[in-house]
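Below is one structure, written out as structure tokens; the observations come after it.
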Protein chains: 2
Amino acid sequence: MSLFNLHRKTLEKAISSVKEGVFFNHYPELHTDKIFNEQEISAGYEKFREHLNKKFESLRQAKPLSWEGDEESPFLMKPLNIKYPTFSVETLIKRAKDEFDRWRKIKLEERAGLLLESLKRVENKFHEIAFAQMHTTGMSYHVSFQMAGPHAAQRALNAIAMGYDSLLRFPETDLESISRDEFGIRLNKKWKAVPKGISLIISTPNFPLRDAVPGIYASLITGNPVIINPHASSILPIAIVISEIQKVFSENGYDPDICQIAIETKTEEFAKALADQPEVKLIDFKGNENMLVHLQSLHDKTIFSEKNSINSVILDSVDDLEFTIHNLVLSLALYSGQMNNTPQNFFIPENGIETREGKISYKQFILSFLEELDHLVNHAHSGPLVMGAIQDPQTPDNLAQLESKAQKVYYRASPYKHPDYPNARTLCPMVIELGPDQKEVFFKHYFGPVGLIIKTKDVNQSIMLANETARECGSLYCSAFTTHKNIKDKILDSLTVTNTPVTFNMVGNIYLEKGSAYDHFHLTGGNTASIASSSNLEFVLRRFTWVGYREPVYDE
Amino acid sequence: MSLFNLHRKTLEKAISSVKEGVFFNHYPELHTDKIFNEQEISAGYEKFREHLNKKFESLRQAKPLSWEGDEESPFLMKPLNIKYPTFSVETLIKRAKDEFDRWRKIKLEERAGLLLESLKRVENKFHEIAFAQMHTTGMSYHVSFQMAGPHAAQRALNAIAMGYDSLLRFPETDLESISRDEFGIRLNKKWKAVPKGISLIISTPNFPLRDAVPGIYASLITGNPVIINPHASSILPIAIVISEIQKVFSENGYDPDICQIAIETKTEEFAKALADQPEVKLIDFKGNENMLVHLQSLHDKTIFSEKNSINSVILDSVDDLEFTIHNLVLSLALYSGQMNNTPQNFFIPENGIETREGKISYKQFILSFLEELDHLVNHAHSGPLVMGAIQDPQTPDNLAQLESKAQKVYYRASPYKHPDYPNARTLCPMVIELGPDQKEVFFKHYFGPVGLIIKTKDVNQSIMLANETARECGSLYCSAFTTHKNIKDKILDSLTVTNTPVTFNMVGNIYLEKGSAYDHFHLTGGNTASIASSSNLEFVLRRFTWVGYREPVYDE
């Protein structure tokens, strides 16, 4: 059975789901059973441990320049001491160029079969990948599993499905449409889907896989060879996945260089040098403003980017106060605020919040919020599970500076004690109050666990400021709490025009960013937070072009 | 009957055709009968004459700043003396902003009905528009009719069809998909197609309508208000179309400012000032490199652009020499080379060309080509019909400078005598020979009637140079002549990677660019010639985003 036929059903289900906007979960059972399977967890941990203190030899790129790597576990505060093969920019580009001419000529079904098979192999390594994610990013084990395992794989599958379906839009070479010209000459017309060139994926320190795999698989399915440049602090999760892809290529007679890893531990100049190459036509990038400005200055390249953005919470009225606060605290604390969809700005009216049991004052709301936060931070089991560790050594200093801008400091970003990892670099969320006029403070994005409470005059001011945040700084999403239809409509309309998705009245254990796993509409591509949407078809369409051929035919 | 139902059948046919890549001609009969209807031509001419020497009062934008206009007919060499209303950048942006909040809320069917109705009105004015096109651009009457009439309208219809269909991809508000979360909470999800903002269309001197209407209709159908800035030399064709659109809006209770014209006769600084406005989110632009560089420096805007590019002809072997040469001469001379898809570089091997009747030498081929060209230029009827007049007063000087670079001058770009317009600014095509090493000359685009014969070592060098032209300078298409399958395959592959469409062995009266009217795959968006393809769905998809809303629902 061909690889394509082996995975055909999965592909067909994924296609019908991306077409209708109802993303199905190919990996749902993993959320419940598999993730807690002690035996598989142990086996995964052993696999992870086997990588430590040695060369990572599973990649199949020939003749490395050197072996390098200085990843460090934010939990152990020790180097992983894994060395990866490195290659010069010239070697990477030359190999990708050579593969471009082969890969683009391979039949779509064959490409799809290889990619779906690689995803299947990755699925068998979810536990190993979870530990790799944990000990590079500081994410707790269970969150790591979700993000780097099923969420990342589902996004990859969606990208394959969208690409596959889009490439079938026009008949490629066999079917020919013939139109009779007014002069009586008939034209044979053919359309060919032509990939754009080398695809460069620049990955992130915090979500090496979830942010990178949609681009990797979208580029590969549409015929573009890929070079992936992981962040120096988070190489291992990507190296595991890329080595699975390369293995599938090798086993089936293709060159592993179709999908290369490009490692450089020292500097972001390496990523820039790769991006500057004229043969690199596609760039997927998530990260800082400086790099983005550089990339946007390059012409004749198609760029899919996401940058740090500021997510707002609008509080007006709630049904159940306790459930609401539980959800807000969880969203703020999850992975210590190091998610691109963590809420940062909480707009709370000075007159307080309506609840089912009557109005509570601004002060009372803050107190309840802090109480719940304190409960989580001090909960020996849940605290570490939710918060994990801090990836970037700079984060504690950055937050300390922010404290001086506060009108009130409600909660300090101090380290908490991790029960399993006494050396872990940790921080509990900082909560401070700002006035509605302190835009120079809250119109900035802070990386790490930061909740800025902005005390507004009323909900109208809150809405206005959330709208302005999205327009000026970019928002991935907004979370709003209201039980009034007219206010809900106003929020919807006001955030709609900024292309910001809104989540209403989310309660309980649903992390605010949860929905983004499967139907990641959180990247609308419509405000400065992102100029790419991995759910919009342009995410695959812009990786190839339709090129037409015409030729007259004559009647016999 | 609603406007939508009135035009529903047309829309449905257009949708099924753009989906399958087989563009149907909604206006096919116009090519044959209507275009030659003397009575309609006279009526159209009268309508055109009525515009001369007065204010253009049919636009419905209120309170103009002033009335301006200095268009000049390249045929009459006299000012048209039509004055158009002008508005400040502030007024235009303010009105568009106000309309944005209304237009985006109008139901898709209603938007589609209004736009289809406006196209129907435009169709009734094709003859008037043809004269407007002729006396602003210098295009002959019959070519003007085709380009500004049916070709432009078909592109507009295709844009409406693609936009309409794309907006139905996901259920907007009524249908809700519900997914059960692992914690047992169900989520209501809704998707909304949200337009990006104000759409600015910057139009061209030579193809004011054909280049502009796809963007105008694509932006309008997807909910974005439009500001269109015509080139100061070619306002009238656009003013006629925009006034029809505005009339349909007014008659149906909508504000004409949904689609505004922005006129400034003096400077391109006005277009830049409009483009720089933060509310302008979409820019459609065709034109010069300087302006494009400026537009690309603007962030957070979606740009659809086309720039001057260089189209190659590869000559290897032909079936019928006479028919081939007839086609080449026609393609070079059509509208005096002022089309963006005119061939400029003719790669001819020094060893000559194979034909059905045996090999002919390089020299003999050139002689036959020049003979046919001379015949056309001196043909009292066909010559003017094909060549028309020269739009830009600078063109004669520019070409004179080019002559000094030639190794041989075969044919001079001298004026020809137009039988109907003795004062017309005319030029017959210049034909000169260059060596294959004179890349600094033939890797430049020359506006106007220029055929550069590049004498190559063999067809392989021709292919290499055509490939390099497309990669370095951008090509809209390539025209190739070969009767050998292996060479055809080589050309296909070599041009494919540059995303350049190829036309093989085109003979007779089919203009090389002909196919671009209905299935305008000539804009692949894949090389520097264009970063937009009006046939690719991204042309409409990037004008709006899908924004999601989520909310938990509880079982009763």
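The residues of the range A:211-227 that are assigned to a helix (DSSP H, G or I) and more than 14 Å from every other protein chain (Cβ to nearest Cβ), listed by number, are A:Asp211, A:Ala212, A:Val213, A:Pro214, A:Gly215, A:Ile216, A:Tyr217, A:Ser219, A:Leu220, A:Ile221. Consider the range B:520-532 and keep the residues that are surrounded by 24 or more Cβ atoms within 10 Å (Cβ to Cβ) and within 7 Å of chain A (Cβ to nearest Cβ). The one that is modelled with the lowest pLDDT is B:Phe521. Residue selection: A:Lys272 fails the criterion of being open to solvent by 10 Å² or more (accessible area, probe 1.4 Å), basic (Lys, Arg), over 30 Å from B:Ser305 (Cβ atoms) and not in a strand (DSSP E or B). Note on the range B:356-390: residues that are open to solvent by less than 30 Å² (accessible area, probe 1.4 Å) and touching a Phe, Trp or Tyr at 6+ places or on another chain (Cβ under 9 Å) total 11. Considering the conditions (1) within 11 Å of chain B (Cβ to nearest Cβ); (2) at pLDDT 85 or above; (3) open to solvent by 10 Å² or more (accessible area, probe 1.4 Å); (4) closer than 30 Å to A:Glu440 by Cα, A:Tyr511 is excluded by exactly one of them, (2). The selection criterion, being in a loop (DSSP other than H, G, I, E, B), surrounded by 14 or more Cβ atoms within 10 Å (Cβ to Cβ) and modelled with pLDDT of 90 or more, holds for A:Pro64.
Of B:Tyr421, B:Tyr416, all but one fail to be of a type in the set (Ser, Thr, Tyr), open to solvent by less than 40 Å² (accessible area, probe 1.4 Å) and part of a loop (DSSP other than H, G, I, E, B); the exception is B:Tyr416.
Within the range B:483-508, residues that are within 10 Å of another protein chain (Cβ to nearest Cβ) and in a loop (DSSP other than H, G, I, E, B) reach partners that are polar (S, T, N, Q) and open to solvent by 30 Å² or more (accessible area, probe 1.4 Å) with beta carbons closer than 8 Å, at six or more positions or on different chains, in the pairs B:Asn505/B:Thr483. Total residues in the range A:280-295 satisfying the condition of being at pLDDT below 90 and buried (at least 19 other Cβ atoms within 10 Å of the Cβ): the figure is 3.
Taking the range B:439-482 as the range and being touching a Gly at 6+ places or on another chain (Cβ under 7 Å) and assigned to a strand (DSSP E or B) as the test, the residues that pass are B:Val450, B:Lys455. Counting only strands (runs of 3 or more DSSP E) wholly contained in the range A:156-210, the ones carrying 2 or more residues that are at pLDDT 90 or above occupy A:186-195, A:198-202.
The one condition from (1) modelled with pLDDT of 95 or more; (2) within 26 Å of A:Gly163 (Cα to Cα) that A:Thr302 does not meet is (1).
A single member of B:Ala43, B:Ala14 is modelled with pLDDT of 80 or more, within 20 Å of the chain's Cα centre (by Cα), not in a loop (DSSP other than H, G, I, E, B) and not basic (Lys, Arg), and it is B:Ala14.
Would you say A:Ser73 is farther than 28 Å from A:Ser250 by Cα, modelled with pLDDT under 95 and open to solvent by less than 60 Å² (accessible area, probe 1.4 Å)? Here the answer is no, as A:Ser73 does not meet what is asked.
Checking each residue in the range B:536-554 for being of a type in the set (A, V, I, L, M, F, W, C) and either more than 7 Å from chain A (Cβ to nearest Cβ) or assigned to a loop (DSSP other than H, G, I, E, B) (or both) picks out B:Leu537, B:Phe539, B:Val540, B:Phe544, B:Val553.
Taking into account only those residues within the range A:295-304 that are on the phi < 0 side of the Ramachandran plot and in a loop (DSSP other than H, G, I, E, B), which is nearest to the other protein chains (Cβ to nearest Cβ)?
A:His299
Looking at A:Ile93, A:Ile106, just one residue is over 30 Å from B:Gly548 (Cα atoms) and part of a helix (DSSP H, G or I), and that residue is A:Ile93. Within the range B:305-331, the set of residues being open to solvent by less than 10 Å² (accessible area, probe 1.4 Å), within 12 Å of another protein chain (Cβ to nearest Cβ) and assigned to a strand (DSSP E or B) comprises B:Ser305 only. Selection of the range A:105-117 for residues being crowded, with 21+ Cβ neighbours inside 10 Å and aliphatic (A, V, I, L, M) yields A:Ala112, A:Leu114, A:Leu115, A:Leu116.
Would you confirm, using the coordinates I've provided, whether A:Thr86 is more than 21 Å from the chain's Cα centre (by Cα) and either open to solvent by 10 Å² or more (accessible area, probe 1.4 Å) or in contact (Cβ under 8 Å) with a residue 24 or more places away in the chain (or both)?
yes
Applying the set (1) touching a residue at least 40 places away in the same chain (Cβ under 8 Å); (2) open to solvent by 60 Å² or more (accessible area, probe 1.4 Å); (3) of a type outside the set (Asp, Glu); (4) at positive phi to B:Arg102 leaves exactly one unmet item: (4). Report yes if some residue within the range B:340-354 is without any contact (Cβ under 8 Å) to a residue 24 or more places away in the chain, more than 22 Å from B:Leu376 (Cβ to Cβ) and open to solvent by less than 40 Å² (accessible area, probe 1.4 Å); otherwise report no. Yes, the range B:340-354 contains a residue that is without any contact (Cβ under 8 Å) to a residue 24 or more places away in the chain, more than 22 Å from B:Leu376 (Cβ to Cβ) and open to solvent by less than 40 Å² (accessible area, probe 1.4 Å). For beta carbons closer than 6 Å, sequence separation of 6+ or different chains, a first residue in the range B:369-391 that is part of a loop (DSSP other than H, G, I, E, B) and a second that is loosely packed, with under 15 Cβ neighbours inside 10 Å, the qualifying pairs are B:Ala380/B:Pro419.
The values are calculated or read from the model by the stated rules, or taken from the named source; none is laboratory data. Bear in mind the structure is a predicted one, so any value in this text is a computation, not a measurement. No Cβ is skipped: glycine too gets one built from the backbone with ideal geometry, and neighbour counts run over all protein chains shown. We work out accessible area using only protein heavy atoms, side chains counted, and drop any ligands, DNA or RNA first. Shrake-Rupley method; radii C 1.70, N 1.55, O 1.52, S 1.80 Å.
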